[in-house]
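Heads up, the thing below is written out as structure tokens.
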Amino acid sequence: MSGKVCSSNSVIQAQKLVDQLRVEAGMERIKISLTAADLVRYCQEHRRNDPLITGIATSSNPFKDKKSCVLL
């Protein structure tokens, strides 16, 4: 009995996998070269507002330590 249950479970799992692969194969893909060019263009257009490039002003940095360390 358990051999039949195990066999039917593996058939169901295989059918689900086949269905998923069919869905993925039918998806429309975007060429990587176009996506990479768009990403480069976006980064160049927004580099003035990027805190990783321009840095954060110490007056507006929310993570700045409020008090300095004092050794006695």
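Below is a table of values for the structure above.
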read-out: Estimated inter-spin distance, Lys16 and His46, nm [label 7 Å along Cα→Cβ]; value: 3.7
read-out: ³J(HN,Hα), Karplus 6.51/-1.76/1.60, whole Hz, each residue of segment 33-45, x for Gly, Pro; value: 4, 5, 5, 5, 5, 5, 5, 4, 4, 4, 4, 5, 5
read-out: Cβ-derived FRET efficiency at R0 30 Å, Ser8 paired with Glu28, nearest 0.05; value: 0.30
read-out: MRE, 222 nm, helices only [DSSP H, n ≥ 4, -39500 (n - 2.57), over the chain, to nearest 500]; value: -19000 deg cm²/dmol
read-out: Cα-based helix-to-principal-axis angle, 2-25 vs the chain, degrees rounded to 10; value: 50
read-out: Convex hull projection area averaged over all views, the chain, Cα basis, nm²; value: 13.7
read-out: About the Cα centre, charge dipole magnitude for segment 2-58 (Lys/Arg +1, Asp/Glu -1 at Cβ), debye; value: 140
read-out: Loop GluC sites (Glu not before Pro), segment 8-63 (other Cβ atoms within 10 Å of the site Cβ: 13 or fewer; DSSP); value: Glu28
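Throughout, read-outs are computed from the coordinates displayed, never taken from laboratory work. Keep in mind that this is a model prediction, so the values were computed, not measured. When we count neighbours, we look across all protein chains shown, and the Cβ atoms used for this are built from the backbone with ideal geometry, even at glycine.
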